[in-house]
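One structure below.
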Amino acid sequence: MQKVEGSSPFSRFLPCASHDVPAGGCEPAGSFRRGSAGRDAAPIRVGMITAEQLPVEAPPALAKHRYPLPIVLAVVITLVAAVYSFARAPALIDAGHEMRAGQAALARGDYDTAVRQLRAADAKASTSHDITISLAEAEFADSDPAAAMRLLRGVKLDRSEWTALQRYMPAQYQRYFVHTS
């Protein structure tokens, strides 16, 4: 199709007529072109088809497509994980608030409150390393080293965590820990 200047934004792209387009291209409706005989030849009028005159055809139906099983499984797993994380988020946020409140109580020397707050945080997010370390610290401070040692079984500590625990951990329990690099 030739691009044609016309009055309608859609008519610019319509062919000149239902027959072949002239070699010189299309001209807007109502324009005149002189024939090959030169200036003295009679003008030739070239018309345009309107949008209403074009046949309306339905687009072809798309072929059915099935996604490969690994892609379907990946999408399902991703959606399940997203739903799970959104469902779990409020409990984790509450656990974070409880942990900060427990750490503040520990810092001001209110060990009973610290243990209570940190146990509540541990109940909501039992896999949190930070909550476990803070709770063990509070248990040592509240004179319950057996509970603290149960919490620390199998836990790896970095230097800052070890330093924080040493503030409250009795010396006889410190010998159970081995420094590794």
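Here, each number is a calculation from the coordinates, and none is a lab measurement. In this text the structure is predicted, and so the values were computed from the model without any measurement. Note that we place each Cβ from the backbone using ideal geometry, even for glycine, and neighbour counts take in every protein chain shown.
So how do M149, M99 line up by other beta-carbon neighbours within 10 Å, fewest first?
Final ranking by Cβ density, sparse to dense: M149, M99.
Given contacts defined as C-alpha pairs under 8 Å and at least six residues apart, what's the relative contact order of region 69-174, whole-number percent?
19
Run the numbers for H97 and V72: contour at 0.36 nm per residue of separation, minus the present Cα-Cα distance, in nm.
Extending this stretch completely gives an extra 5.2 nm.
Let's test the formula: R0 of 25 Å, r as the Cβ-Cβ distance of Q166 and R108. What FRET efficiency results, to the nearest 0.05?
After rounding, the FRET efficiency stands at 0.80.
Along region 157-172, what does the Karplus equation 6.51 cos²θ - 1.76 cosθ + 1.60 (θ = phi - 60°) give for ³J(HN,Hα), rounded to whole Hz, x for Gly and Pro?
10, 8, 4, 5, 5, 5, 4, 5, 5, 4, 4, 10, 7, x, 4, 5
Tell me, what ³J(HN,Hα) does each residue in region 115-131 have, in order and in whole Hz, if you take phi through Karplus 6.51 cos²θ - 1.76 cosθ + 1.60 with θ = phi - 60° and put x for Gly and Pro?
My calculation for region 115-131 gives 5, 4, 5, 6, 5, 5, 5, 5, 5, 8, 9, 5, 8, 6, 5, 5, 5 Hz in order.
Neighbouring Cβ atoms within 10 Å as the yardstick, rank H179, H97 fewest first.
With the sparsest Cβ surroundings first, the list reads H179, H97.
Compute the signed sum of charges (Lys and Arg +1, Asp and Glu -1) over the other residues within less than 14 Å, Cβ to Cβ, of L151.
My count for the surroundings of L151 gives -3.
I'd like to know which of L92, L73, P170 lies farthest towards the positive end of the charge dipole of region 69-174, counting +1 on Cβ of Lys and Arg and -1 on Cβ of Asp and Glu.
Working it through, the farthest residue towards the positive pole turns out to be L73.
In what order do F86, F177 fall by count of nearby beta-carbon atoms within 10 Å, going from fewest to most?
Exposure proxy ranking, most exposed first: F86, F177.
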